[in-house]
1. Under the rule of -39500 (n - 2.57) per DSSP H run of 4 or more residues, summed and divided by the residues of the chain, what mean residue ellipticity at 222 nm is obtained, to the nearest 500 deg cm²/dmol?
2. Quick one, could you list the DSSP H helices from the chain stretching 30 Å or more along their long axis (Cα atoms) with average Kyte-Doolittle hydropathy of -0.5 or above?
Amino acid sequence: DLNDLKKIISKQINEEFKNSLNMISKNQILKGLEQIKVGDLPQVLIDEEIKVLAEGQTEEKLKKNKAELQKKASKRIKLGLVLNEIGEKNKIKVKPEEIQAEIQKQLSMMPGQEKILMDYYKKNPSASASLRGTLYEEKIINFIKSKGKSTKRVLDKREAEKIINDENEKNLEGQKKTTKILS
């Protein structure tokens, strides 16, 4: 009935707000981790990351954007090394059953396409490895959040929308700069 529909929609909106606010706090943590000083980064890792970032770009664009790609690749490698160090020091692991639970979660969000998704994960071990990496990062971020001093407050819809919109505008500005450099 109408009341049930309102409850379902309200729950979905609250979940979306919660997810968006969690993403904002994750980005703030990652920005903080970027400030950590790290020694020389292995050039091999940077070169591999540049290949990933440059995928699909023409040779001309690559030459033009080499410095920006180098900077972005270094930043990503550094962040990955810092996160991994935190994970190892704190014995954070991703169990196979956690990967399976995430796959099941994805299956439930794609009714009718379960077989396609399962085949994809079976045929592409790199997809499971990527999923493992995402879960590992998420566990490390949650660990950091658990150790940090948290200030929780209840937000009404307008406050949450303002925070999310402000963050989206910041991200949009950053994307415009990156797009301008990479174009």
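1. -27500 deg cm²/dmol
2. Counting only whole DSSP H runs, the qualifying helices are 125-147.
Only the coordinates and a few stated rules stand behind these numbers; no lab work does. Only a predicted model underlies this, so the values are computations on that prediction, with no experimental measurement involved.
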